[in-house]
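Participant: Sharing a structure below in structure tokens format, with a few things to ask.
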Amino acid sequence: MPAVLSEAFVSPAAGTVPSALAVEALSLSFGGVTALSDISFAVAPGEIRAVIGPNGAGKSSLLNVVSGLYQPDRGRVWLGGHSFAAVPTDRLAKLGVSRTFQNLALFKGLSVLDNVAAGLSHRLRAGLFAQVIGLPAARRERAEGYARAEELLAFLHLDGVRDRPAGTLPYGMQKRVELARALVARPRLLLLDEPMAGMTLTEKRDLSGHIRAARDDLGTTIVLIEHDVGVVMGLSDRIAVLDYGRLIADGTPDQIRNDPVVIDAYLGVAHDLEAGEGI
Amino acid sequence: MTDLALEKTAAAAPHRASPALLGIGALLIVAYGVLPLVASEYLFDAILTPFLALALAGLGLNILTGYAGQVSLGSSAFMAVGAYAAYNLALRLPGVPFLVDILLAGLVAAAVGLLFGLPSLRLRGFYLAVSTLAAQFFVQWVFNKVGWFSNNSPSGIVTVPPLSVAGLPLDSSAGRYLFALGVVTAVTLAVWRLVESPTGRALVALRDHETAARVIGIPVLRVKLLAFAVSSFIIGVAGVLWAFAYLRTVEPAGFNLDRSFQILFIVIIGGLASLRGAFLGAALIVVFPLLLSRLGEALLGGLFDSGVLEMSQRIVLGLLIVTFLIAEPAGLAALLDRLWNRAWNWISGRFRRTG
Ligand SMILES: Nc1ncnc2c1ncn2[C@@H]1O[C@H](COP(=O)(O)OP(=O)(O)O)[C@@H](O)[C@H]1O
Ligand SMILES: [Mg+2]
């Protein structure tokens, strides 16, 4: 669908409104496997953008390139006005980008509160000595961090488990803790890799509400990988569809729903699967 | 429904905070106020002082292995660095107060630890463990080879000057115990502050998920090296206590691979990432051989000679470690927690029924 593609992709350098995220001609392969092949698209500030596609289509690879965990073979990533051939992961948080992982990536031994407060690590100023001695600046910083984290716990209804080790929580709750950790720094851009996988319908509905609230209340731009087509259609402003590492469509939910290529490659199959069991 | 159940346990936690504080208070009163008056020289010299030094070493290794998740098999090398540094500082800079010597010795150990921590930036798990063995063998070799460190003593064994702090002689058994106790109390307090601080949380974050830690902006390399430096500092200070308060001599053989394993076992048996664990593990490691030899003598009499004792120590200790790894990976600390909870529930249940 080159027509849809060029419509969506306003070159980030030339565009009047800078994109929250843009990728330009990204390619990535592992040995003989092509994970991403010449992918270009842009996400406008404040947009909720879904990325869908069958397993192995390259969705996670795309987020990994955007967060610098993978280095693309070719292409560039634009984040907040900067362009990178390889995104520096160490600076990601400072660039206002945070993410969650497809597999849980919590700090299992830390309490829920500490997990969430850790999301503010990149802002810490106080040195080790100041922290151990308990200098006022260090104490203030720490108290502010915990206060922020408590707000997020309340926002995501996690206050009841704030002191529990994160590793002991049920799966759906751990997913929510990870979202809280990603949101606590009020990122400009939030990347979510299958945040609803393994959740019940009610949990999915709740989380959709939280994601929308994050956008509406905090102005966060969101890129979301999700398999549940129903959720995706209801939640996202635009949808990008990957198949075998290629971007086969990029448009509004209505455009995607009626796109014969997408139906062929993904939706037809996915709907069947959805009917069987929520993926 | 699950939420409710969770809330209940969460709410139960603060209940225990004050008993814990009371417990620590009671321990400190016994350690500072009671033991110095009632303990025998044997208790000081053979049990309490080595217990304190080993507990401190366990505390240091726990920062690195328990909290930051970096395995090390070279702990006693850093004890040796601390001990030799303090010996040479005391010998060559006689005007400097001994407490300053300890601090400097810890810093020297930290610097050496930092150096041997550099491979951790590339290696992990088994490979890192092997590279820390290099520290163990290299350091021991240097202290054996370079006579300067032991002031060219022909036997390689040097006797340390008697302990005194601010003109106060502490050369009695009780004095050396109190000195060790003071140092251990101060360092433990600092370590507690450290593990409760954002930096302490970063150590655990690094251990539990390095990639996620990097993504949220934890300076992973810096924190890793910091863990090596702080851990080696503490183990170095433990080495000073071992040499100056316990043995009163320094020799390379005392800081061999066996000792490194002993410290690792303290951490495993006591409980990874637990401050109490280091003390519990050290207590077990110190008391257990004595109990075993008493028991052996009682049962077997003359047959139970030192050879049999050593052999049975190794066997029983090995079994203990395997048992702990399988049955209670969180160590004695967790075991005691559970017993305590059970006792507490039993007591409060009784109260409710009768009152
Ligand atoms: N680290 C990796 N090493 C080797 N192959 C990988 C790696 N990551 C992804 N791939 C391959 O790239 C392709 C895309 O994977 P991925 O991005 O995880 O897909 P998705 O998230 O859409 O299911 C798959 O064929 C996968 O096996
Ligand atoms: Mg994936």
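The values are calculated or read from the model by the stated rules, or taken from the named source; none is laboratory data. Bear in mind the structure is a predicted one, so any value in this text is a computation, not a measurement. Cβ placement follows ideal geometry from the backbone for every residue including glycine, while neighbour counts extend to all protein chains displayed. Note: areas computed on protein heavy atoms with side chains; ligands, DNA, RNA excluded. Shrake-Rupley method; radii C 1.70, N 1.55, O 1.52, S 1.80 Å.
Participant: Taking every alpha carbon pair in the protein assembly as shown, what does the distance histogram look like in 20 angstrom bins from 0, in percent?
Facilitator: With a bin width of 20 Å, the distribution comes to 17, 42, 28, 12, 1.
Participant: Could you tell me the total accessible area buried at the A-B interface, probe 1.4 Å, in square angstrom to the nearest hundred?
Facilitator: Buried area (both sides, nearest 100 Å²): 2500 Å².
Participant: So, one more: Can you return the lysines within cross-link range of A:K59? Criterion is Cα-Cα under 23 Å, with same-chain partners fewer than 8 residues away left out.
Facilitator: A:K175, A:K204
Participant: Place a label point 7 angstrom from the Cα of B:E297 along the Cα-to-Cβ direction, then list the residues of the stretch B:147-175 whose backbone nitrogen is under 13 Å away.
Facilitator: none
Participant: A further question follows. Could you check the simple spin-label distance between B:D171 and B:L43, using points 7 Å along Cα→Cβ, in nm with one decimal?
Facilitator: In this crude label model, B:D171 to B:L43 measures out at 2.5 nm.
Participant: Can you give me the distance in nm between label points at B:L319 and B:S306, each placed 7 Å from the Cα along the Cα-to-Cβ direction?
Facilitator: Taking the simple label geometry, B:L319 and B:S306 are separated by 2.5 nm.
Participant: For the stretch B:181-334, report the % of Cα-Cα distances exceeding 23 Å.
Facilitator: Cα-Cα pairs in the stretch B:181-334 separated by more than 23 Å: 51 percent.
Participant: Using modelled backbone amide H atoms (1.01 Å from N, in-plane), which distant-in-sequence or interchain residues come within less than 5 Å of A:L21's amide H?
Facilitator: Counting only residues 5 or more places away or on other chains, the set is A:V43.
Participant: Please arrange A:R176, A:R246, A:R181 by accessible surface area, largest first, computed with a 1.4 Å probe and ligands excluded.
Facilitator: A:R246, A:R176, A:R181
Participant: Mind checking the mean number of beta-carbon atoms from other chains within 10 Å of the Cβ atoms in A:121-130?
Facilitator: The per-residue average across the peptide is 4.
Participant: Taking only the alpha carbons of the stretch A:107-186, what extent do you get along each of the three principal axes, in Å, biggest first?
Facilitator: For the stretch A:107-186, the Cα spread along each principal axis is 38, 24, 19 Å.
Participant: If you take the beta carbon distance between B:L103 and A:A25 as r and set R0 to 51 Å, what does 1/(1 + (r/R0)^6) give as a FRET efficiency, to the nearest 0.05?
Facilitator: Computed FRET efficiency for B:L103 and A:A25: 0.35.
Participant: How big is the dipole moment of the protein assembly as shown about its Cα centre under a simple scheme where the beta carbon of each Lys and Arg is +1, that of each Asp and Glu is -1, and everything else is neutral? Debye, nearest 20, please.
Facilitator: The calculated dipole for the protein assembly as shown is roughly 1460 debye.
Participant: Could you work out how far apart the two model spin labels at B:V287 and A:D90 are, taking each label as a point 7 Å from the Cα in the direction of the beta carbon, and quote it in nm?
Facilitator: 4.7 nm
Participant: While we're on this one: Sequence-distant or interchain residues sharing an amide H contact under 5 Å with B:S164, placed H: which?
Facilitator: Correct list: B:L170.
Participant: What ratio of Cα Rg to 2.2 N^0.38 Å holds for chain A?
Facilitator: Chain A yields a ratio of 1.03.
Participant: Would you mind checking the tilt of helix A:201-218 against the longest principal axis of the Cα atoms of chain A, expressed as 0 to 90 degrees and rounded to 10?
Facilitator: Computed tilt is about 80 degrees.
Participant: Helix-derived [θ] at 222 nm for chain B: sum -39500 (n - 2.57) over DSSP H runs of at least 4, divide by residue count, nearest 500?
Facilitator: My calculation for chain B gives -23500 deg cm²/dmol from helical runs alone.
Participant: Under 5 Å between amide H atoms, partner at least 5 residues away or on a different chain: which partners does A:V51 have, H built in plane at 1.01 Å?
Facilitator: Correct list: A:L224, A:I225, A:E226, A:A240.
Participant: So what is the calculated 222 nm ellipticity per residue for chain A, using -39500 (n - 2.57) for each DSSP H run with n of 4 or more, over all residues, to the nearest 500 deg cm²/dmol?
Facilitator: Only helices count here, giving -10500 deg cm²/dmol.
Participant: Then there is this: Helix hunt in chain B: which complete DSSP H runs extend at least 20 Å axially by C-alpha with mean Kyte-Doolittle at least 1.0?
Facilitator: B:98-117, B:173-196, B:220-241, B:275-300, B:306-327
Participant: So what are the stretch A:125-166's ellipsoid semi-axes, whole angstrom, largest first, if each one is the square root of 5 times an eigenvalue of the alpha-carbon gyration tensor?
Facilitator: Here the semi-axes work out to 26, 11, 7 Å.
Participant: Using just the Cα positions, wrap the stretch B:2-256 in a convex hull and report its mean projected area in square nanometres, one decimal place.
Facilitator: Averaged projected hull area, Cα only: 16.4 nm².
Participant: Taking each residue of A:165-171 in turn, how many C-beta atoms of other protein chains fall within 10 Å of its C-beta, and what is the average?
Facilitator: Whole-number average of other-chain Cβ neighbours for A:165-171 is 1.
Participant: A follow-up question, please. How large is the accessible surface of A:H227 in square angstrom, using a 1.4 angstrom probe and rounding to the nearest 10?
Facilitator: For A:H227, solvent-accessible area is about 10 Å².
Participant: For peptide B:191-202, how many partner chain Cβ atoms fall within 10 Å of a residue's Cβ, on average?
Facilitator: Shielding by partners across B:191-202 averages 6.
Participant: With a 1.4 Å probe and every protein chain left in place, tell me how much accessible area A:D216 has, in Å² to the nearest 10.
Facilitator: In the full protein context, A:D216 sits at about 90 Å².
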